[in-house]
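A quick write-up on the structure given underneath.
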Amino acid sequence: MRLSQYILPTLKEDPSDAVVLSHRLMIRAGLIRKESAGMYIYLPLGWRALRKIIGIVRGEMDKAGALEFLMPELTSSDLWRESGRWDAMGPEMFRIRDRNGIEYALAPTHEEAFTGVMRNLISSYRDLPKNVYQINTKFRDEIRPRFGVIRSKEFIMKDAYSFDMDEKGLEYSYQVMRKTYRRIFERCGLDTIPVEADTGAMGGRDSEEFMVASEVGEEVLLLCGSCGYRANREKAGYKRKDTKSGEKLKGLAEVVTPDVKTIDDLVKFFKCAAERLLKSIIYVADGRPVMAVVTGDRGINEQKLARAAGASSLELAPETVVEEVTGAPVGFAGPVTKKDIRILYDLSVKNVVNGITGANKKDLHFEGVNPGRDFSIKEEADISFAEEGDACPQCGSAMSSKKGIEVGHIFKLEYKYTRSMNVTVLSEEGVAVTPIMGTYGIGINRTMAAIVEQHNDEKGIVWPRSVAPFEVHLVRLGKGEMEIRDTDAIYDMLLKEGFEVLYDDRTASPGYKFADADLIGLPIRVTIGKHYFRNGEVEVKQRKETQVHKIEKDGLIDLITALLSVS
Ligand SMILES: [Zn+2]
C-alpha cells in the first residue's frame, strides 16, 4: 500500500481527551478516531490490526472445533423475557421498538439468542456436543464510557457457547476453551494473567478471567509469587495469620463514644490502627439477621459472606432490624452480646488483642475486647476481600496485587439458560435431557488496546508481527526520477514475495517519515536512501531493536524473512 494514496492522519501531539497510553497512541498513530463519547471509528490502519486479531481468534476457535455463526444484532424481547433478563439487564441494555411497536434489544450479549436457535437445531444426544460462536458487535449503554476503546458503548466481541450432555462434557469443552484462550493471547503477543473469578454460587475452577496487567485496569488481582495462585479480588481467598501481638490483655471496659460510629471516626477517637477495630455489620440472609465481624482495615466481601452463610439472598439489614437485634442504633453493633444472633467471624478476627467494638448500646463502645474471652468464635470463615500482603490461601506466602484489564472470560453457565428456555434433547435411552452450557468471550477491541499498552516505547507502538497492520514499512528517501523508479522496483519485489508492505512514497523529510514509522510501529523498516544510490546498500531495522542492518538488494528478502520470524 502506497502511503501517498492511504489515509494515515498521524498526530505529533497527544490528544487532550485521552488519558490512557493505548488510547493516546491509537489516536496518534492514525488507528482510530472518536465519533462521540464511547464510540470509535477504526481507520484503515486500525481496522487492519483489528482484523489480524479477529483472524487469530477465528483460526483458533475453528481449530478447537467451534462453529461460526452470524447472529442478528437486534434480538427480540421475547427471548429476553423467556430467560427473565428483559427486566434484569437494567439500563445498560439498549432497547428499541420497531414501527409496529415490537420491542428489541441491541444485543449486549447473545446467550438468549444462541440458546434460542440451538433449541431448534439440536434434538438428540447425537447432535451434542456443540460449541457455537460469532465475532460480532455488542452494545452497552455505559454510564461512563472511558479509556478509549477499553470501555465503549459499541465493541466487537467473540462470544462462544458450548452445549453438552452432562457435566463431564462441559468440563471437557471448558478445558478446550481454556487452552484455546491461552494460545490466542499468546499468538497476539499478549502477556495475560489467567485468574480465578467468582461464579456466585459455584465454586472451584468454574470461571477464569484473562487479565492484562495495566495501571488503568478496573479490576484488582491478587497474585502469589511463590505458588502461582492468582484470583481477582472478588474471588481471592486468604489465610489467617496465626501470630498474635504479645501485648498484655486488658480488661473489657465501656467507653462513651457520642456519635463516633464510622471506622474513620473510631480510629481518630481511639487513636488506634483500624485493624484493632472489630467492625460488626448486620445483614439479612434469606430473611434472617446475621452479624458479620471483620477487622476495621478490611472490607466485607458480600459474595463470600453469602456463601459462608449458606444464603441465596443477602442484603444489608435496614435500621429497624439493626435496632431490634442489637438494641442500639446503627453504628454500635458488636459481638459481645447476650442476644441470640448468628455471628460470622472473618479470619482476621481471631488473633486480635485488646480490640474495640460496639457495645450494642447507643454512644457506647467496648475496648480491651479479646476473642475467646469476651466472645467465642463459633463460626469462622473468610468473608472479607483479600488485600495485598495477605497470606496466600494455598501456600501462605504474602500476596501482591495488580490492576488488570479483562480481555477474556470463560464461564460455566450450567443450566441457567437451557432450563429457563426449555431446551431438551433425547438421550441414548430416549429420555429428555437438559443440555449444560458454557460461555466464552473475548473483547476484540480491548485486546487491541491491551496489545498497544504492552508493546510501545517513547516513540510509539511496537507491534508484534502477528497483529501488525503491515509487516514492512518501506521508506523512500530519494526524490529523483531514477531513485523513485528504483525504490518502486524494490516495493514491487517485496509485494511479489508476499510481504505486507506499507510504502512511504510521500514527498516529506526523512525525519518526518522516520517519526511516522516509529509511531505506527510496523515490525520491519526498510530504508532506500543515499547508501543505496551510492553503494547499493539497503538499510533494514527492526522496530524493537536499535541496530541497523546494511545489506545489498539480493540479500534483502532473506534478511526480512529472518527478522520477521523473530518479531
Ligand atoms: Zn501461594
Item checked: the range 73-103, residues that are part of a strand (DSSP E or B) and of a type in the set (Lys, Arg) -> Arg95, Arg97
Check: Among (1) at negative phi; (2) buried (at least 20 other Cβ atoms within 10 Å of the Cβ); (3) not in a helix (DSSP H, G or I), which single condition is Gly30 missing?
Finding: (1)
Next item on the list: Please state which one of Gly246, Gly237 is in a loop (DSSP other than H, G, I, E, B) and within 16 Å of the ligand (Cβ to nearest atom).
Entry: Gly237
Checklist line | strands (runs of 3 or more DSSP E) within the range 307-423 that include 2 or more residues more than 16 Å from the ligand (Cβ to nearest atom) and buried (at least 22 other Cβ atoms within 10 Å of the Cβ) | finding: 342-346, 355-358, 364-369, 399-414
Next item on the list: Would you point out the residue of the range 545-567, among those that are under 34 Å from the mean Cα position of the chain (by Cα) and either surrounded by fewer than 15 Cβ atoms within 10 Å (Cβ to Cβ) or among the polar types (S, T, N, Q) (or both), that is modelled with the lowest pLDDT?
Entry: Ser567
Margin query: Report every pair of residues separated by at least 6 positions or lying on different chains whose Cβ atoms are under 6 Å apart, first residue within the range 1-14 and in contact (Cβ under 8 Å) with a residue 60 or more places away in the chain, second part of a loop (DSSP other than H, G, I, E, B) and not polar (S, T, N, Q).
Written below: Arg2/Asp505; Leu3/Arg506; Ser4/Asp505; Ser4/Arg506; Leu8/Gly30; Thr10/Gly30
Note to self: When you check Leu70 against the structure, is it in a loop (DSSP other than H, G, I, E, B), out of contact with any Pro (no Cβ under 9 Å at 6 or more places or on another chain) and assigned by TED's automatic domain parsing to the domain that holds Tyr40, yes or no?
What the structure shows: yes
Item checked: the range 206-232 - residue that is within 16 Å of the ligand (Cβ to nearest atom) and in a loop (DSSP other than H, G, I, E, B) and, of those, surrounded by the fewest Cβ atoms within 10 Å (Cβ to Cβ) -> Gly228
Notebook entry, point to check: If we scan the range 446-458, do we find a residue that is in a strand (DSSP E or B), away from the ligand (no atom under 16 Å from the Cβ), basic (Lys, Arg) and touching a Phe, Trp or Tyr at 6+ places or on another chain (Cβ under 8 Å)?
Noted result: no
Item checked: Counted residues, the range 104-131 - those being touching a residue at least 40 places away in the same chain (Cβ under 8 Å), out of contact with any helix residue (DSSP H, G or I) (no Cβ under 8 Å at 6 or more places or on another chain) and part of a strand (DSSP E or B) -> 1
Notebook entry, point to check: Can you tell me which of Ile184, Ile193, Ile135, Ile143 is touching a Gly at 6+ places or on another chain (Cβ under 9 Å), of a type in the set (Val, Ile, Thr) and away from the ligand (no atom under 16 Å from the Cβ)?
Noted result: Ile184
Note to self: Quick check on my filter: what residues within the range 238-287 are without any contact (Cβ under 8 Å) to a residue 24 or more places away in the chain, exposed (fewer than 13 other Cβ atoms within 10 Å of the Cβ) and under 21 Å from Ile377 (Cα atoms)?
What the structure shows: Gly246, Lys248
Check: Since Gln134 meets every condition but one in (1) part of a strand (DSSP E or B); (2) at pLDDT below 95, which condition does it not meet?
Finding: (2)
Next item on the list: Note down all Cβ pairs under 7 Å where the first residue falls in the range 224-237 and is among the polar types (S, T, N, Q), the second is within 8 Å of the ligand (Cβ to nearest atom), and they're at least six residues apart or on different chains.
Entry: Ser226/Cys392; Ser226/Cys395; Ser226/Ser397
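The values are calculated or read from the model by the stated rules, or taken from the named source; none is laboratory data. For clarity, every value in this text was computed on a predicted model and none was experimentally measured. Reconstructed Cβ throughout: ideal geometry from the backbone, glycine too, with neighbour counts over all protein chains shown.
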